[in-house]
Amino acid sequence: MRDPRNASFTWHDHGGPFRTVSPEQARRYDELGYFVMEHALGAAELQAVREAIDPFEAQQEEALRAMEGGRFFIARADEITFTTHLVLRSALLRTFTGSALLAGICADLIGPDVRLYWDQAVYKKPGTDSPFPWHQDNGYAFVEPQQYLTCWIALTDATEENGCPWVVPGLHRLGTLAHEYSDIGFVCLRDPDGAVPVPAAAGSIVVFSSLTPHSTGPNRTGEVRKAYIVQFAPTGAEVLRPRSDGSMERVPADDGGRQYEVLRGGRPVTS
């Protein structure tokens, strides 16, 4: 079932020319909703990004432990943390999110005018038994245009054993599906047919649409599975938020501190 706000969605294929994404990757993105850019980050850059995030994640873990029940929204102490808006606290991560690599992916898959929409680290701790439920990123906050971009960056090896992403190919072309709230996150599908795992070696990027249904499995290993998720939307994107009277408020996704320009007229913007 589609989200009731998804009344007239049409998926737009990508015809190139491409400067960072290969034609085959673009084809997979259009047909399946995802692809993996293998070993996109070098060892030094990967280490720098991980070391920039780790102290902030540790603070987030401590804050969760101090909360009643050790949880806040969908984050749970000693299980899974969501450390958001890191670009407000780290100059290195601000620079990284506007790197030539990510700007090139944006140019190929979004367009010439792009802003950072969201960034967060997600660390899944050893022994986490609960999967993260099936959802679309646009199911958490309804954004128009619905078709924006998620780059799921593996900071450590992401495997079926420690909670790599799973996706349902093809459903992205329907637009945003209806989501229900559960105590571990919003849910749009339950036990879907055709789901496939998407393991990713450290330094690789799982590139998928905001409309691709995805989930991550339990972490049954003894190590933390670390990921940095960076999302980009076209300049002019708006978040639709319901008002108390049932109408919709349109909020521009242009917060100057954390939703800064990455591309303008196809050229990288230096922040």
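Shape of region 1-112 from the C-alpha gyration tensor: oblate (a/c of 1.5 or more and a/b not above b/c, with a ≥ b ≥ c the square roots of its eigenvalues). Rounded to 0.05, the FRET efficiency of the residue 22 and residue 68 pair, given R0 = 35 Å and the Cβ-Cβ distance, is 0.10. Across region 132-148, rounded Karplus estimates of 3J(HN,Hα) from the backbone phi angles (6.51 cos²θ - 1.76 cosθ + 1.60, θ = phi - 60°) give 8, x, 5, 7, 10, 4, 6, x, 7, 9, 6, 9, 10, x, 5, 8, 10 Hz, Gly and Pro being marked x.
Note on the chain: dipole from Cβ charges, positive end direction compared against 80, 149, 237; the farthest Cα belongs to 237.
Estimated at 0.36 nm per residue, the fully extended path between residue 38 and residue 101 surpasses their Cα-Cα distance by 21.4 nm.
Here the Gaussian network model covers the chain, with springs between Cα atoms less than 10 Å apart; of 253, 121, 100, 100 fluctuates the most.
When you count the other C-beta atoms within 10 angstrom of each residue and take the mean per peptide, 181-193, 125-137, 105-117, 48-60 line up highest first as 105-117, 125-137, 48-60, 181-193. Between region 23-99 and region 205-228, the C-alpha centres lie 10 angstrom from each other.
Remark: 152, 166 ranked as 166, 152, counting other beta-carbon atoms within 10 Å and listing the fewest first. Label positions at residue 8 and residue 178, each projected 7 Å from the Cα along the C-beta direction, are separated by 2.2 nm. If you run the Gaussian network model on the chain, springs between alpha carbon atoms under 10 Å, then out of 221, 235, 156 the most flexible one is 221.
The amide H of residue 237, built 1.01 Å from its N in the peptide plane, has 253 as neighbours under 5 Å, considering only residues 5 or more places off or on other chains.
A simple rule links phi to the HN-Hα coupling: the Karplus curve 6.51 cos²θ - 1.76 cosθ + 1.60 with θ = phi - 60°, which for region 243-248 gives 8, 5, 8, x, 7, 10 Hz, with x for Gly and Pro.
Computing Cα Rg over 2.2 N^0.38 Å directly from the structure and comparing it against (i) 1.15; (ii) 1.09; (iii) 0.95 singles out (iii). A convex hull fitted around the alpha carbon atoms of region 171-261 yields 186 Å³ per residue. Only helical runs count toward this figure. For the chain, summing -39,500 (n - 2.57) over DSSP H runs of n ≥ 4 and dividing by all residues gives -6000 deg cm²/dmol at 222 nm.
Read-outs throughout are calculated quantities, based only on the coordinates presented, and are distinct from any laboratory measurement. What you see is a predicted model; the values in this text were computed from it and never measured. Positions of Cβ are generated from backbone atoms using ideal geometry, with glycine treated the same way; all protein chains shown enter the neighbour counts.
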